[in-house]
Amino acid sequence: MVKGKISIKTHQLLSFSSLFIELSPGENVFWPGCAILSMGEEIVMKTYELLKTQIPDLKLSTMCCGKPSLHIDGGKPYEKRKQFLNKAFEKNGVKKIYTLCPNCQNTLVENSNCEIISAWTVLDEIIPKNKYNIYKGRKLSLHDPCPIRGYLENAVSARNILNKLGVDILEFPNNRDRTICCGKKDMIMTLYPEKGQRLFEIRAKQAPSKEIVTYCSSCVDTFRKNSFEAYHILELLWETKANGSWKNRYNSVRKSKR
């Protein structure tokens, strides 16, 4: 657990440093979240540009929601993160935040005064026609991330997008509002790896196949580390594959400043 706490503290110190923070003034903000930023600038910027076709004044934030800080030292480190974020939102006139990461969505709904909107619901309406049926006949098992329980618009939009891409969806027995954690919720895999692995194994036994698609980067990472072929929906949309890294995240931040 000590090693896990150090890892989380390091992550948060870097995430809230000037190296990784960018927020332009504006009412509407796209919030990829640090995990998706770590997938690389191609995925981030293509998704951002697509969203801007529907929301022309949309700005891009490379900030972290601070959720990891909620799960160490009784959540005390999060309080200063929360204050920092809310001051930044007020200073920059942010009213609406469009999230992709379900953990960011939950955290910001509970801790900010902004309207939090699932970016998946917007993407659902604007998938480019040339992306329709590019995976026609491809069978993939859809894992719903556990934070979407209570925010089922994400589950609906994810299925709509995959259907448009031509994916033949295989459902887990526990899905949507009954979905089961992959083992990473609330930093469990980092703080209590054995418990996290036990949770994953429960979920893995339900998988209809060894090919998984989901819309949470943490879930993708967990399945990949356990011998599954796993994809993020954005990887399918942009026909690429990404492995999360700090280098990718840094490059995404640099790209956002140009």
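Nothing in this text is a laboratory measurement; each read-out follows from the coordinates by a stated rule. Every value quoted in this text rests on a predicted model; they were computed, and no experiment measured them. Neighbour counts are summed over all protein chains in view; Cβ atoms, including those assigned to glycine, are modelled from backbone coordinates with ideal geometry.
With a cut-off of 15 Å between beta carbons, the residues surrounding L123 carry a summed charge of +1, where Lys and Arg count +1 and Asp and Glu -1. Of P32, P102, P173, the residue with the greatest mean-square motion in the GNM of the chain, using alpha carbon springs below 10 Å, is P173. Give me the aspartates and glutamates in straight-line cross-link reach of K257: C-alpha distance below 12 Å, same-chain residues under 8 apart excluded. The qualifying aspartates and glutamates are E22, E41.
Length gained on full extension, D73 to R138: 18.9 nm, using 0.36 nm per residue less the C-alpha separation. Just checking the listed ones, H143, H11, H232: in the Gaussian network model of the chain with Cα springs under 10 Å, the one fluctuating most is H11. Over all directions, the projected convex hull of the C-alpha atoms in segment 128-237 averages 6.4 nm² in area.
Can you name the helices of the chain, as whole DSSP H runs, whose Cα span along the helix axis is 27 Å or more and whose Kyte-Doolittle mean is not below 1.6? Write out the running numbers ahead of the final one.
Values: long enough: none.
The answer is none, since no helix passes both cut-offs.
What percentage of all Cα-Cα pairs in the chain are separated by more than 27 Å? Could you put the intermediate results ahead of the total?
Working: 11087 of 33153 pairs.
Above the 27 Å cut-off, the chain has 33 percent of its Cα pairs.
Each residue in C114, C219 was given a count of other beta-carbon atoms within 10 angstrom of its own, and listing them fewest first yields C114, C219. By DSSP, the beta bridges lying fully in the chain are antiparallel in about 5 percent of cases.
Below 8 Å, C-alpha to C-alpha, sequence gap of six or more: please give me the relative contact order for segment 128-221 in percent. Kindly include the intermediate steps, with their values, before the conclusion.
Values: 138 pairs, mean separation 33.7, N = 94.
Once normalised by length, the contact order is 36 percent.
Describe numerically, in nm with one decimal, the distance between label points set 7 Å from Cα along Cα→Cβ at N243 and at K46. Computed distance between label sites N243 and K46 equals 1.9 nm. Hey, with R₀ at 25 Å, roughly what FRET efficiency would I202 and D177 work out to, going by the Cβ-Cβ distance, to 0.05? The value I calculate is 0.90.
Can you tell me, using C-alpha contacts under 8 Å and at least 6 residues apart, the relative contact order of segment 1-85 as a whole percent?
Working: 81 pairs, mean separation 30.5, N = 85.
It comes to 36 percent, rounded to a whole number.
With a threshold of 19 Å on the Cα-Cα distance, the over-threshold entries among K67/K241; K52/K91; K9/K67 are K67/K241; K52/K91. The fewest-to-most ranking of E235, E229 by surrounding Cβ atoms within 10 Å reads E229, E235. Pairs of lysines in segment 128-237 whose Cα atoms sit within less than 15 Å of one another amount to 9, provided the residues are eight or more positions apart or on different chains.
Charge dipole (Cα centre; +1 on Lys/Arg Cβ, -1 on Asp/Glu Cβ; no other charges) of the chain amounts to roughly 580 debye. With Cα atoms defining each centre, segment 146-176 and segment 215-235 are spaced 15 Å apart in the structure. Ordering P173, P77, I55 by the projection of their Cα atoms onto the charge dipole of the chain, which places +1 on the Cβ of Lys and Arg and -1 on the Cβ of Asp and Glu, puts P77 at the extreme positive end. Cβ-to-Cβ counts within 10 Å put W31, W238, W246, W120 in ascending order as W246, W238, W120, W31, the fewest first.
Evaluate the relative contact order of the chain (contact order divided by residue number), counting alpha-carbon pairs under 8 angstrom at least 6 apart; express in whole percent. List each step's numbers first, then the result.
Numbers: 449 pairs, mean separation 62.8, N = 258.
24 percent.
Taking V156, V29, V220 in turn, the Gaussian network model of the chain (Cα-Cα springs below 10 Å) assigns the largest fluctuation to V156.
Taking the Cα centre of segment 149-258 as origin and assigning +1 to Lys and Arg Cβ atoms and -1 to Asp and Glu Cβ atoms, the resulting dipole is close to 540 debye.
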